[in-house]
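Quick notes on the structure that follows.
The values are calculated or read from the model by the stated rules, or taken from the named source; none is laboratory data. Predicted model only: the values in this text are computed from it and were never measured. Here the Cβ positions follow ideal geometry from the backbone for every residue, glycine too, while neighbour counts run over all protein chains shown.
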Amino acid sequence: MTGRAGRHIWIICGFATLSACAGGDYRPVRDTPVRIGPPYKVRGATYVPAADPGYDMLGYASWYGSESGNRTANGERFRAKWITAAHTSLPLPSYVEVTALDTGRTILVRVNDRGPFAGRGRVIDLSRGAAEQLGIRAQGHAAVRVRFVDPPEKDRERLRKGKPASDRPKVPERTLVNLRAQLQAAVPSP
C-alpha cells in the first residue's frame, strides 16, 4: 500500500502498539473464565494446576508489591494495594481464606497470579494490601492456613474492585495451638 491509505494503516498500527504498551490489553477483573492451565516448570520444579475444592494447607505466606502494573498470570493488571495473591496450582481466579497462625486473624483473598516459587514451605504470596490486612507486612512472612472457599457474591464483588471482603471471625486460640503444632511437625519454620 502506498500513499494516504498506507500511512493510515501505519498510524493505526502504531496506536495499537502504544495502547498495548500502556496496558490497554490487560484482562478485565472478573471471575470468568476460570483458568486451570497445563502443568508448568519453574526452577526445576513441576507444578500441576488443578481444581481442588477441598484445598486446606498449612505453610508460610510472604508478600510482594514492587511488581505493581505488571500482568498477573490470568492477564489482569497487578495492583499491590488490592487484596490478591499468587498460588502455584489453584484455578485463576480463586478465592481463599488465609489465617495468620500467630494472631488468628482471617481474611478472604482473590488468587489471580502464580507463585510462590522460592522458600521452603511457602504456600501463598500475598499482595502488599493483603499482607497489610492480615497484619503480616512488617514480618515479611508468617505461618498461615490457606483454605479454598466459595464466598458470597458481595465479598467477591468487593475483592474484584480491590477492596477487602467482610470481616471474618478470629480463630480461637485453642484451634491455633493445634494448627501451629501440625505445621511445626510437617514443615519447620523457614
Exercise for the section: Among residues belonging to the range 97-116 that are over 12 Å from the mean Cα position of the chain (by Cα), not small (G, A, S) and not in a loop (DSSP other than H, G, I, E, B), point out the one that is surrounded by the fewest Cβ atoms within 10 Å (Cβ to Cβ). Expected result: T106
Practice task
From the list G59, G65, G37, pick out the single residue that is of a type in the set (G, A, S), at pLDDT 95 or above and surrounded by 12 or more Cβ atoms within 10 Å (Cβ to Cβ).
Solution key: G59
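How many of the residues in the range 134-174 are part of a helix (DSSP H, G or I) and in contact (Cβ under 8 Å) with a residue 24 or more places away in the chain?
Step one: of the range 134-174, the residues part of a helix (DSSP H, G or I) are 134, 153-160, 173-174.
Subset that is in contact (Cβ under 8 Å) with a residue 24 or more places away in the chain: 134, 155-156, 159-160, 173.
Of the residues in that region, 6 qualify.
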Practice task
List every residue pair whose Cβ atoms sit under 6 Å apart, with the two residues 6 or more apart in sequence or on different chains, where the first one lies in the range 76-91 and is assigned to a loop (DSSP other than H, G, I, E, B) and the second, anywhere, is modelled with pLDDT of 95 or more and basic (K, R).
Solution key: A80/R128
Problem - Residue selected from the range 121-133 under the condition outside any strand (DSSP E or B) and either of a type in the set (D, E, K, R) or over 15 Å from the mean Cα position of the chain (by Cα) (or both), by the criterion nearest to P169 (Cα to Cα) - result: E132
Practice task
Give just the number: which of (1) within 25 Å of A185 (Cβ to Cβ); (2) over 13 Å from the mean Cα position of the chain (by Cα); (3) not small (G, A, S) does E153 not satisfy?
Solution key: (1)
Exercise for the section: Answer yes or no: is there a residue in the range 112-131 that is of a type in the set (D, E) and within 25 Å of G37 (Cα to Cα). Expected result: yes
